[in-house]
Amino acid sequence: MFSGNGLIWAEIEKRTGREILILRIDRERGKRGTYLVGNNLKFDLDYDNFDVVDVDAYGVPFGQLERIFSKSSQPKMVFITFIQSQWGTLPRKMLNALGYTNGMIKKVPTLFYRAGQQKFLRYLASRGVKKCQISYTPDKRKNYLSVEFC
């Protein structure tokens with residue numbers, strides 16, 4: 001769904017020696033290569049046409065994942081970049097899916113934005129994700145997850 005300049009997937013293609021067909025989407029113009037410009041949530045994609053989906057929403061890709069869950073009938077590999085700054089918010093709908101009400105969140109929002117990664121992993125588990133591998137960047141702001149949707 002996001003691909004920046006497409007460097008990661010170009011490197012994977014080079015290392016594996018396999019041709020990889022990629023559909024790139026990014027909001028920003030001026031990236032290298034060919035890609036669709038716009039908000040990826042506005043594109044109506046048939047996720048069953050993809051073996052792998054890479055989501056990096058410069059934050060928490062809750063909306064993108066909800067789209068994938070609702071529009072895919074087959075298991076697939078999804079690479080997720082989860083970023084939450086120290087005091088960053090979490091998507092309210094994700095917190096609602098975990099059982100937190102809007103009233104609770106409104107009363108003490110910082111309480112519900114703590115431990116964002118753990119909440120995100122609970123959300124994934126609640127949606128049926130059975131396998132998840134997590135890696136971190138040195139600054140601990142970005143968490144890279146590869147998950148298998150079953």
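The values are calculated or read from the model by the stated rules, or taken from the named source; none is laboratory data. Because the structure is a prediction, the values reported are computed rather than measured. Neighbour counts are summed over all protein chains in view; Cβ atoms, including those assigned to glycine, are modelled from backbone coordinates with ideal geometry.
Structure above, values below:
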quantity	calculated
Pair list, Cβ under 9 Å, 6 or more apart: the range 12-36 residue over 16 Å from F79 (Cβ atoms), other residue aliphatic (A, V, I, L, M) and in a strand (DSSP E or B)	R27/V37; E28/V37; R29/V37; K31/V37; Y35/I25; L36/I25
Selection from the range 50-105 of residues that are at pLDDT below 95, within 19 Å of N39 (Cβ to Cβ) and either surrounded by fewer than 14 Cβ atoms within 10 Å (Cβ to Cβ) or among the charged types (D, E, K, R) (or both)	D54, D56, Y58, E66, R67, S70, K71
Which numbered condition R15 fails, given (1) of a type outside the set (D, E); (2) part of a loop (DSSP other than H, G, I, E, B); (3) surrounded by fewer than 17 Cβ atoms within 10 Å (Cβ to Cβ); (4) modelled with pLDDT of 90 or more	(2)
Condition met for L65 (closer than 28 Å to N5 by Cα, in contact (Cβ under 8 Å) with a residue 24 or more places away in the chain and under 10 Å from the mean Cα position of the chain (by Cα))	yes
Long-range neighbours under 8 Å by Cβ, at least six apart or interchain, first residue under 12 Å from S85 (Cα atoms) within the range 104-116, second aliphatic (A, V, I, L, M) and surrounded by 13 or more Cβ atoms within 10 Å (Cβ to Cβ)	Y113/L90; G116/V60; G116/L90
Residue count, the range 93-107 (criterion: more than 21 Å from the chain's Cα centre (by Cα) and of a type in the set (A, V, I, L, M))	2
Yes/no for K93 being assigned to a helix (DSSP H, G or I), farther than 20 Å from V147 by Cα and in contact with a helix residue (DSSP H, G or I) (Cβ under 7 Å, 6 or more places away or on another chain)	yes
